[in-house]
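Presented below is the structure to which this report refers.
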Amino acid sequence: MNYAHVFHAGNFADVFKHALLARILIYLNRKDAPYRVIDTHAGEGAYDLSREEVERTGEWRDGIGRLAGLDRASDAGQLLAPYLDIVGACDDEGRPLVYPGSPVIAQKLTRKTDRLVFCEKHPAAFAALKARFARDRRVKTLDLDGWTALGAFAPPPERRGLVLVDPPYEARDEFSRLAKSFAAAHAKWSTGVYALWYPVKDARDADGLWKAVRASGAKSALRLEFAVAPPGAPGLARTGLVVVNPPFVLEAEAHVLLPALVRLLEREAGAGACAIETFGG
Ligand SMILES: C[S@@+](CC[C@H](N)C(=O)[O-])C[C@H]1O[C@@H](n2cnc3c(N)ncnc32)[C@H](O)[C@@H]1O
């Protein structure tokens, strides 16, 4: 396990994923009934952006660092407000002091009655995660394999909730592992909301995942893709999120959010793109 999310904290893929995560949680809050958040690959929880590892890549500059240019009064600005409020104040360069990972976003947007389970396998990342949430009695941090957790925690006692699956994609088989593990969890808990994040290096992997989700028997799903540069550009430039049982408002929100994020985050004017595909619903 070599992957450490600190190198990538606050990059364009994080902005895309975390802005959508916030929208899903806000939707779940519309009903009083408690729910559970299961983050299978949680990372450290939040990242101090003054760390040396962050400086080495500087990825936040082309991610959260560009959100300073957002018109907060626009439709997209209003949809992004809950996420940006959690990110908090930034310095003159647009750098937040601490960038929130998915666990902190979930912690901040859930209610007293909701429960959260965060799994992380890397020893140092787990130690940071455990320390960060030690005083929140709603949160259980587990040094547990995320794939095992996905099977073990579906369905949660609340029968409502969100599973975020955000693996590092270090291993070549992680797309097929995700497809299989999702299908097994969905067979046990078909009504949960599942958010499956992926990088797009080879479009066939993303297409294969979408095909597997359709084949799982899921009633509805939304596939969102977001690129900051055209295919073939160096480095990671395209990312996606499949949301199974998406909130009914999410597709309309994505039509507002994604084009605005493309304009803010694309490497050059006109180089970015987004795509929205759906079935069921
Ligand atoms: C992309 S990062 C997670 C980022 C986090 N979800 C966020 O949005 O802030 C993936 C994390 O998965 C962890 N990891 C790798 N293999 C794992 C496994 N089998 N089970 C649980 N965590 C794992 C890595 O150490 C890394 O912290």
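Of all residues being in contact with a strand residue (DSSP E or B) (Cβ under 7 Å, 6 or more places away or on another chain) and of a type in the set (D, E, K, R) in region 134-156, which is farthest from the ligand (Cβ to nearest atom)? Just the residue, please. So the residue we want is Arg138.
Residues of region 179-208 being free of Cβ contacts under 8 Å to residues at least 60 places away in the same chain, closer than 11 Å to Val244 by Cβ and out of contact with any Gly (no Cβ under 8 Å at 6 or more places or on another chain), which ones?
Pass one, region 179-208, residues free of Cβ contacts under 8 Å to residues at least 60 places away in the same chain: 179-181, 183-192, 194, 196, 198, 200-208.
Imposing the further condition that a residue be closer than 11 Å to Val244 by Cβ reduces the set to 183, 185-186, 189-192, 194, 196.
Within region 179-208, Ala183, Trp189, Thr191, Tyr194, Leu196 meet the criteria.
Condition test on Leu261, is it touching a strand residue (DSSP E or B) at 6+ places or on another chain (Cβ under 7 Å), within 23 Å of Val163 (Cα to Cα), of a type in the set (A, V, I, L, M, F, W, C) and surrounded by 22 or more Cβ atoms within 10 Å (Cβ to Cβ)? So Leu261 fails the test. Sub-6 Å Cβ pairs linking a first residue in region 111-133 that is under 14 Å from Arg160 (Cα atoms) to a second residue that is modelled with pLDDT of 95 or more and assigned to a helix (DSSP H, G or I), at least 6 apart or interchain, are Leu116/Ala106, ordered by first then second residue. Beta carbons closer than 6 Å, at least 6 apart along the sequence or on distinct chains, pair a first residue in region 31-57 that is in contact (Cβ under 8 Å) with a residue 24 or more places away in the chain with a second that is among the β-branched types (Val, Ile, Thr) and assigned to a loop (DSSP other than H, G, I, E, B) for Pro34/Thr113.
Pick out the one residue from Gly43, Gly10 that is among the small types (Gly, Ala, Ser) and within 9 Å of the ligand (Cβ to nearest atom).
Working: Gly10 fails: within 9 Å of the ligand (Cβ to nearest atom).
Result: Gly43 is the single residue among Gly43, Gly10 that is among the small types (Gly, Ala, Ser) and within 9 Å of the ligand (Cβ to nearest atom).
Take the residues in region 84-133 that are at pLDDT 95 or above and acidic (Asp, Glu); name whichever of them is nearest to the ligand (Cβ to nearest atom). Top of the filtered list is Glu120.
The values are calculated or read from the model by the stated rules, or taken from the named source; none is laboratory data. These numbers come from a predicted model, not from an experiment. Cβ atoms come from the backbone with ideal geometry, glycine included; neighbour counts cover every protein chain shown.
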